[in-house]
1. Among the residues of segment 53-68, is any modelled with pLDDT of 95 or more, surrounded by 12 or more Cβ atoms within 10 Å (Cβ to Cβ), β-branched (Val, Ile, Thr) and touching a Phe, Trp or Tyr at 6+ places or on another chain (Cβ under 6 Å)?
2. State all residues of segment 24-40 that are closer than 15 Å to Gly87 by Cα and of a type in the set (D, E, K, R); if no residue qualifies, say none.
3. Would you check if Leu79 is under 20 Å from Ala13 (Cα atoms), crowded, with 17+ Cβ neighbours inside 10 Å and at pLDDT 95 or above?
4. Tell me which residues, restricted to segment 82-102, are of a type in the set (A, V, I, L, M) and loosely packed, with under 10 Cβ neighbours inside 10 Å.
5. When you go through Arg71, Arg61 one by one, which is the residue that is without any contact (Cβ under 8 Å) to a residue 40 or more places away in the chain and in a loop (DSSP other than H, G, I, E, B)?
Amino acid sequence: MPGPPAVSDRRQAQRIAVPLSVELENGKGITRDVSTAGVFFLTDLSFSIDTPIKLCLVLERVDPVGPLRVRCQGRVVRLERCNGARGVAVAIASHDLEPAGC
């Protein structure tokens, strides 16, 4: 007997499970996974679905001079509870590299 129909994954890009520091306007977080199209991070801050968001992903060991930051702009597309923290999924609309602080 055949099993249930396969569920398609609507994500546009492959995700990479990597813990990166996230710098936000009023706090911080840590990523669960990232891709070229989005990021999912954990934080103590509250967000609402469909709100614009600016964040920086901190790449600690990419450059021997110091951490690089990827400045991202996007919108919150999903929220979930994750072991007492708030999980935030963001669709990235634009990003650029910042060699110094964001």
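The values are calculated or read from the model by the stated rules, or taken from the named source; none is laboratory data. What you see is a predicted model; the values in this text were computed from it and never measured. Cβ placement follows ideal geometry from the backbone for every residue including glycine, while neighbour counts extend to all protein chains displayed.
1. no
2. Initial filter on segment 24-40 (closer than 15 Å to Gly87 by Cα): 24, 27-34, 38-40.
Those that are closer than 15 Å to Gly87 by Cα and of a type in the set (D, E, K, R): Lys28, Arg32, Asp33.
3. On the way: under 20 Å from Ala13 (Cα atoms): yes; crowded, with 17+ Cβ neighbours inside 10 Å: no; at pLDDT 95 or above: yes.
In short, no.
4. Of segment 82-102, the ones of a type in the set (A, V, I, L, M) are 85, 88-93, 97, 100.
Scanning segment 82-102 gives a single hit, Ala100.
5. Values: Arg71 fails: in a loop (DSSP other than H, G, I, E, B).
Exactly one residue qualifies, and that residue is Arg61.
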